[in-house]
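Beneath this line is the structure, given in structure tokens, with notes to follow.
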Amino acid sequence: MDSQLSLFYGLSFLTVVIAFAFAVYLYLWVKKQKTVNAKIQTVSALIKEGANTFMRREYKILAKFAAVAAVLILLFLPSPIWQGDPVPNISMAVAYIAGTVLSAIAGKIGILVATLSNGRAAEGAQQGIKPAFLIGFRGGAVMGLLVVGCSLLGVTAVLMITGDSSILLGFSFGASSLALFAKAGGGIFTKTADVSADLTGKVELGIAEDDPRNPAVIADNVGDNVGDVAGMGADLFDSNVAAMASALVLAQSLGGGVNISMVFCYAILGLLASVIGIATARVGKNGNPTRALNSSTYVTTAIFLVLTAGATLLFEGFSWRIWGASAVGLLVGVVIGIATDYFTDDTKPIVRKVAHASASGPAFTILSGVSYGFISALPAMVGIAVSALVAYQLCAPMGDGYAIFGISMAAVGMLSIVGMIISNDAYGPIVDNARGLAEMGDLGEETIRTADELDSAGNTVKAVTKGFSIGAAGLTVISLLGAFMSEANHALAEAGKELITGFDIMSPTVFFGILIGAAIPAVFSAMLILGVDKNAQRMVAEIHRQFNSIPGLKEGREDAKPEYDKCIDIATTGALRELIPAGLMSIIATLVVGFIGGPQAIGGFLLGNIVSGLLLALFMSNSGGLWDNSKKYVESGAEGGKGSEAHKSAVIGDTVGDPFKDTAGPSINTQITVVSLVSSLLSSLFVMFNLFG
């Protein structure tokens with residue numbers, strides 16, 4: 001083994017140990033914070049029990065799917081097991097299982113920490129912004145550090161043991177497939193409860209968002225954890241693994257050695273930069289939590305750029321062109337975040353324009369939100385296009401294959417600070433839960449106002465992190481397209497066929513793939529949103545039943561207790577029923593296109609899937625985020641405040657936006673990654689068996 005590569009394997013494991021140790025310290029710090037309110041302790045226990053019950057039932061279903069997939073991989077990948085050496089097939093199947101297990105652990109860790117932090121953050125808000133912010137952020141940071149540490153540990157171990165980067169595609173597929181179903185299931189659960197609680201509580205009865213009389217309130221808080229914490233943790237674990245896997249596949253095809261070392265070096269330094277950024281994150285006594293979260297991201301970005309520049313200077317063979325590609329990717333990620341912030345922050349004009357439009361009725365809320373959502377996709381799409389173009393042109397002079405490798409390193413660069421990104425993202429649902437607990441624990445208006453400010457920052461930052469992760473997925477899948485070409489060309493060379501040098505869109509086979517690929521994200525999104533729609537209708541009916549049949553519930557009598565467990569069960573059962581079909585449809589569509597049109601059609605399929613998927617994901621995430629913060633802006637007293645016509649319209653906008661931003665939007669980038677990995681893994685089968693390829 002190359003001595004430089006051995007050094008980076010060792011440094012990877014050392015960095016993982018540092019990240020895990022810091023995560024344990026933060027976990028113990030959060031656990032040490034006091035929680036004394038009996039109501040908050042009771043509700044926190046209900047949230048934790050509901051989240052764990054859902055995760056247990058979800059993972060049982062996903063374990064069956066993973067077992068079937070592992071057997072199929074063992075039999076057919078990378079080539080039919082009966083045709084030669086069985087070791088690669090066994091390695092691929094084991095790597096796939098390892099990917100699913102680590103992805104599941106990422107989600108479970110998130111639930112553990114979030115349900116520990118939410119009540120403590122609520123009670124911390126009694127002392128002001130500063131203590132509550134630190135509890136929420138450090139709770140999220142535990143998940144951020146452990147998720148990124150697990151991904152670096154898994155990728156390093158698989159490559160070091162097998163020495164074959166193609167096996168990493170199996171590991172990445174395990175992470176991606178579980179993330180796809182976990183994100184879909186968690187997203188359907190959380191938005192079923194959120195939509196139902198808002199429609200029956202705020203719109204029909206005019207009661208507060210987290211009024212304990214509403215039977216859907218606990219299910220809503222459970223949903224924040226299973227959707228926004230566990231689902232997003234698995235999603236970003238998958239994105240990070242996919243970016244590293246595609247870069248390492250391309251690096252090995254270029255001769256390995258120094259290029260593989262650079263991938264590991266940048267991943268290590270990104271994790272270290274996140275550790276430093278998390279350790280230095282602070283907010284003043286009367287500070288702005290949104291500014292604190294964003295400045296932590298900028299600090300981490302600067303540290304990463306300096307550290308990687310130093311490594312490029314220090315290590316022999318490291319290329320400044322590759323450094324430039326990763327720097328461009330990271331900087332574009334920050335620009336995407338700033339653009340998303342502009343469209344979703346309630347201190348900026350767009351959110352206020354939508355709030356103002358709401359005073360004229362819900363139709364104008366929807367029309368303005370949809371319009372600004374579409375406009376908001378442009379900066380991110382331009383950013384992804386520019387970073388891919390610059391990275392390609394920067395690295396093309398290095399030789400054949402380096403241009404696509406440059407794009408893959410731009411994706412690695414964009415995801416290099418993913419530890420900080422996950423910390424910011426997990427902060428959101430923790431303080432969202434804290435806001436609800438502050439109201440249910442009767443902590444007073446001032447505490448609720450503080451929690452609202454933290455929650456509003458969480459909404460804005462969640463929108464930013466979603467934009468960031470979608471942008472990173474865009475670059476990752478472009479590099480996965482390169483990985484697919486590399487894998488397909490290896491199979492074509494063995495079959496004595498002409499190699500792929502590009503995809504001609506005038507070719508009917510390629511165009512066939514483009515059209516079908518472009519349609520899949522729209523159908524996938526519709527299936528998830530319909531899942532929320534059907535499930536929410538069932539829950540609304542159950543809430544009406546309880547309000548009508550439980551004496552004194554509507555009036556708030558002490559002896560009238562809502563049956564929270566019924567709503568949790570409806571959300572759980574419905575989500576588990578709907579989580580498999582949409583993801584399975586995407587995988588089956590990939591197989592059909594591949595076996596009909598061969599590798600050329602798959603190239604077109606991936607191209608169409610990437611372009612339409614990114615557009616829809618950005619539109620839905622941003623429009624949902626701006627509707628949510630428009631509602632919060634009105635609730636702060638603008639446009640007539642709570643109970644006004646503007647407020648009712650804004651709540652309806654937020655209800656439409658909920659499955660956009662938390663179910664379909666963030667699931668699309670995982671769907672794109674999954675079909676890209678399926679294409680790469682099955683490339684040899686598509687070469688051997690097709691109708692028109």
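Below is a table of values for the structure above.
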quantity	calculated
Cβ pairs under 8 Å, 6+ apart, first in region 48-71 and closer than 18 Å to residue 183 by Cβ, second open to solvent by 50 Å² or more (accessible area, probe 1.4 Å)	55/108; 66/97
Matching option when the condition is crowded, with 24+ Cβ neighbours inside 10 Å and of a type in the set (A, V, I, L, M, F, W, C), among 169, 205, 134, 112	169
Near pairs, Cβ below 6 angstrom, 6+ apart or cross-chain, from region 135-157 (within 15 Å of residue 239 (Cβ to Cβ) and free of Cβ contacts under 8 Å to residues at least 12 places away in the same chain) to any residue that is open to solvent by 10 Å² or more (accessible area, probe 1.4 Å) and of a type in the set (A, V, I, L, M, F, W, C)	none
Qualifying residue in region 475-495 (condition: without any contact (Cβ under 8 Å) to a residue 12 or more places away in the chain and of a type in the set (Val, Ile, Thr))	no
When residues of region 149-162 are limited to those that are open to solvent by 10 Å² or more (accessible area, probe 1.4 Å) and out of contact with any Phe, Trp or Tyr (no Cβ under 8 Å at 6 or more places or on another chain), the one farthest from residue 274 (Cα to Cα)	162
Region 70-90: number of residues that are crowded, with 22+ Cβ neighbours inside 10 Å and either of a type outside the set (Val, Ile, Thr) or not in a helix (DSSP H, G or I) (or both)	3
Residue in region 208-227 that is surrounded by fewer than 24 Cβ atoms within 10 Å (Cβ to Cβ), among the acidic types (Asp, Glu) and in a helix (DSSP H, G or I) present	no
Region 636-646: number of residues that are open to solvent by 10 Å² or more (accessible area, probe 1.4 Å) and in contact (Cβ under 8 Å) with a residue 40 or more places away in the chain	7
Residue in region 353-368 that is surrounded by the most Cβ atoms within 10 Å (Cβ to Cβ), counting only those that are touching a residue at least 40 places away in the same chain (Cβ under 8 Å) and under 27 Å from the mean Cα position of the chain (by Cα)	354
Region 8-64, subset β-branched (Val, Ile, Thr), within 15 Å of residue 437 (Cα to Cα) and open to solvent by less than 60 Å² (accessible area, probe 1.4 Å), residue modelled with the lowest pLDDT	35
Filter result (part of a helix (DSSP H, G or I), more than 30 Å from residue 620 (Cβ to Cβ) and open to solvent by less than 90 Å² (accessible area, probe 1.4 Å)) within region 512-565	546, 547, 549
Answer from 676, 649 - the residue that is under 22 Å from residue 196 (Cβ atoms), open to solvent by less than 10 Å² (accessible area, probe 1.4 Å) and in a helix (DSSP H, G or I)	649
Matching residues, region 369-414, being of a type in the set (S, T, N, Q), free of Cβ contacts under 8 Å to residues at least 12 places away in the same chain and over 30 Å from residue 628 (Cα atoms)	393
Residue match in region 636-645 (condition: over 22 Å from residue 341 (Cα atoms), out of contact with any strand residue (DSSP E or B) (no Cβ under 7 Å at 6 or more places or on another chain) and basic (Lys, Arg))	yes
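The values are calculated or read from the model by the stated rules, or taken from the named source; none is laboratory data. Since this is a predicted model, take the numbers as computed values, not measurements. Glycine gets a Cβ as well: all are built from the backbone with ideal geometry, and neighbour counts include every protein chain shown. All accessible areas refer to the heavy atoms of the entire protein, side chains included, with ligands and DNA or RNA removed. Shrake-Rupley method; radii C 1.70, N 1.55, O 1.52, S 1.80 Å.
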